Each structure stands twice: as structure tokens, then as C-alpha cells.
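**Q** Starting off with a structure, shown below.
The values are calculated or read from the model by the stated rules, or taken from the named source; none is laboratory data. Since we're looking at a predicted model, the values are computed, not measured. Cβ coordinates were reconstructed from backbone atoms using ideal geometry, including for glycine residues, and neighbour counts include every protein chain displayed.
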Amino acid sequence: MEFCEKCGALMLPKKEEGRKLPILKCRECGHEKSVKTNPAYKVEYRIKHSPREKIVVVEKESNYDDELSEDERRERWKEVLEYYETEGEEE
């Protein structure tokens, strides 16, 4: 691992056409440095996700529909169908 002589940021290997060995390029200022041997670098990018972007795994289904009476269930489906019927009219 090498750091930039100018700004101190991490330098990453960059492969260029026509060259056998990669060069090291600074992520911040763009300073380039040639290397004498092929470095055994492994570049890994880790992406951090906010809590809103994480996947939620539901292990048990909700019993909400089981708690509704038959009339409540019909009323709920009626509302859903009415919603979709009005959606189609607006388009």
C-alpha cells in the first residue's frame, strides 16, 4: 500500500494500454507514480447502505388477514378494487 507524496491519499494501481506494469495513481490529486515490479494489490470497494436501503427479511407471515371478519375482508378488497379502477381512469 502506498500513499501520495503530494497529498498523502491512498494511491491505487491503474492499468494502461501499451504498458506491462501498472502505474499508481492518487485518488485525490491525480499524481501518478510508476512502479518497478508488478504489485500484488487487490482493490476492493465496499458500499455502505443506509438503514432505509437494507433488505428486510420477514420470517413469519402476518396473521392480520386471519383476524379480520369476512365482512371486513370484503370491504378491504372493495377498497382495493375501487382504488385500481380510479387509477385506470386518470391515465
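**Q** Going by the structure shown, is D71 at pLDDT below 85, surrounded by fewer than 10 Cβ atoms within 10 Å (Cβ to Cβ) and among the charged types (D, E, K, R)? Walk me through how you get there before you give the answer.
**A** Values: at pLDDT below 85: no; surrounded by fewer than 10 Cβ atoms within 10 Å (Cβ to Cβ): yes; among the charged types (D, E, K, R): yes.
No.
**Q** Could you grab me the full set of residues in the stretch 36-49 that are modelled with pLDDT of 75 or more and within 24 Å of the chain's Cα centre (by Cα)? Before the answer, list the steps.
**A** First, the residues of the stretch 36-49 that are modelled with pLDDT of 75 or more: 36-37, 44-49.
Residues satisfying the conditions are E44, Y45, R46, I47, K48, H49.
**Q** Specify which of the listed residues (K6, K33) is touching a His at 6+ places or on another chain (Cβ under 8 Å) and modelled with pLDDT of 85 or more.
**A** On the way: K33 fails: touching a His at 6+ places or on another chain (Cβ under 8 Å).
Of the residues listed, the single one that is touching a His at 6+ places or on another chain (Cβ under 8 Å) and modelled with pLDDT of 85 or more is K6.
**Q** Residue check: is L24 modelled with pLDDT of 85 or more and surrounded by 10 or more Cβ atoms within 10 Å (Cβ to Cβ)? Please lay out each step first, then the result.
**A** On the way: modelled with pLDDT of 85 or more: yes; surrounded by 10 or more Cβ atoms within 10 Å (Cβ to Cβ): yes.
Here the answer is yes, as L24 does meet what is asked.
**Q** Something else now. Can you pull out every residue in the stretch 8-30 that is assigned to a loop (DSSP other than H, G, I, E, B) and under 29 Å from the mean Cα position of the chain (by Cα)? Before you say what the answer is, go through the steps one by one.
**A** If we filter the stretch 8-30 for residues that are assigned to a loop (DSSP other than H, G, I, E, B), which is where we start, we get 8-9, 15-22, 27-30.
Within the stretch 8-30, G8, A9, K15, E16, P22, R27, E28, C29, G30 meet the criteria.
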